[in-house]
Amino acid sequence: MVIAIASQKGGVGKTSSSISLSAGLARKGKKVLLVDIDSQANSSKVLLHDYQQLTADQTLYRTILKREGTPSNLPVHKTNIPNLSIVPSHILLSSTDVELTTAIDHREARLKNELDKIKNNYDFVFIDCPPTLSWLTLNAFTASDKVFVIVSPGYFELDSIVQISKTIDQVKANFNATLQLAGFLFTMSDPTINSKTSLQILRQTYTGSVFKTVVPRNTDLRDAHFEKKDIFSYNPNAASAQAYSKLIEEAFNIWVKS
């Protein structure tokens with residue numbers, strides 16, 4: 001199963017969710033691959049301690065913006081977490097929209113074409129998408145079976161769901177007819193009225209599509225990433241670690257127990 005973790009806005013817990021879901025399933029004995037297609041490369045920086053030493057051709061850059069005479073296969077790197085590997089991103093991917101606008105050779109399927117060759121080696125593949133609706137996001141959606149949409153409290157955060165839902169529909173119509181919405185994950189929840197009201201509106205508007213699990217606002221997640229660790233190795237008793245464990249049971253129950 002290939003799952004895109006997406007949001008149109010930054011700072012909503014998208015990368016934290018990508019790392020936590022990947023690490024959580026890997027720690028349950030599942031073989032997991034995380035593809036970092038966000039040019040900020042935050043997942044890569046957390047999970048690969050030698051990330052700063054990597055060249056562009058040792059990252060996803062070579063697949064998405066392939067140059068003549070260079071390989072386009074996905075460069076898979078092992079992490080320190082057993083069963084978890086990653087395809088790292090690179091800041092040069094930030095020029096993808098400019099370069100792919102004039103490309104004519106399957107510009108939406110460059111990731112899919114290479115991922116299809118290796119995805120059967122894994123139980124789960126997660127794709128950490130950029131916080132924009134771009135050619136990188138289209139590549140992620142085209143390669144995926146399902147999309148997790150991350151939502152945090154706030155008017156603009158809820159408003160962004162409309163556009164990302166349209167993008168999913170457009171990808172289904174043009175590039176990937178089997179793409180499905182896995183659900184909306186509410187993150188960074190706190191006891192404020194804003195948070196409670198946002199969650200209520202989300203559940204009323206998208207009835208049946210919002211995960212029951214809610215991820216709380218938790219400084220342990222930020223601190224874990226600062227230490228270049230996933231939340232389970234940093235503090236398995238943290239509120240966010242418990243929430244992601246519950247989410248794994250809720251979203252992947254059938255596969256985790258099989």
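The values are calculated or read from the model by the stated rules, or taken from the named source; none is laboratory data. A quick note: this is a predicted structure, and the numbers were derived from the prediction, not measured. Every residue, glycine among them, receives a Cβ derived from its backbone with ideal geometry; neighbour counts consider all protein chains shown.
List of remarks:
- Residues located in the range 91-125, provided they are closer than 13 Å to LEU60 by Cβ, buried (at least 18 other Cβ atoms within 10 Å of the Cβ) and at pLDDT below 95: LEU93, THR96, ARG110
- Filter result for PHE141 (buried (at least 19 other Cβ atoms within 10 Å of the Cβ) and either of a type in the set (Lys, Arg) or under 21 Å from SER16 (Cα atoms) (or both)): yes
- The set of residues in the range 76-130 that are within 22 Å of ILE164 (Cβ to Cβ), in a loop (DSSP other than H, G, I, E, B) and within 19 Å of the chain's Cα centre (by Cα) comprises SER89, GLU108, ALA109, CYS129, PRO130.
- Any hit, the range 28-43, residues being charged (D, E, K, R) and farther than 30 Å from SER245 by Cα: no
- Scanning the range 27-54 for residues that are surrounded by fewer than 24 Cβ atoms within 10 Å (Cβ to Cβ) and either among the basic types (Lys, Arg) or in a helix (DSSP H, G or I) (or both) returns ARG27, LYS28, LYS30, LYS31, ASN42, LYS45, TYR51, GLN52, GLN53.
- Looking only at residues of the range 195-215 that are out of contact with any strand residue (DSSP E or B) (no Cβ under 7 Å at 6 or more places or on another chain) and within 24 Å of THR132 (Cβ to Cβ), we find that the one that is surrounded by the most Cβ atoms within 10 Å (Cβ to Cβ) is SER198.
- The criterion of being outside any helix (DSSP H, G or I) and either of a type outside the set (Asp, Glu) or over 26 Å from ALA243 (Cβ atoms) (or both) does not hold for LEU158.
- Checking ASN237 against (1) assigned to a helix (DSSP H, G or I); (2) more than 21 Å from SER43 (Cα to Cα), the condition it does not meet: (1)
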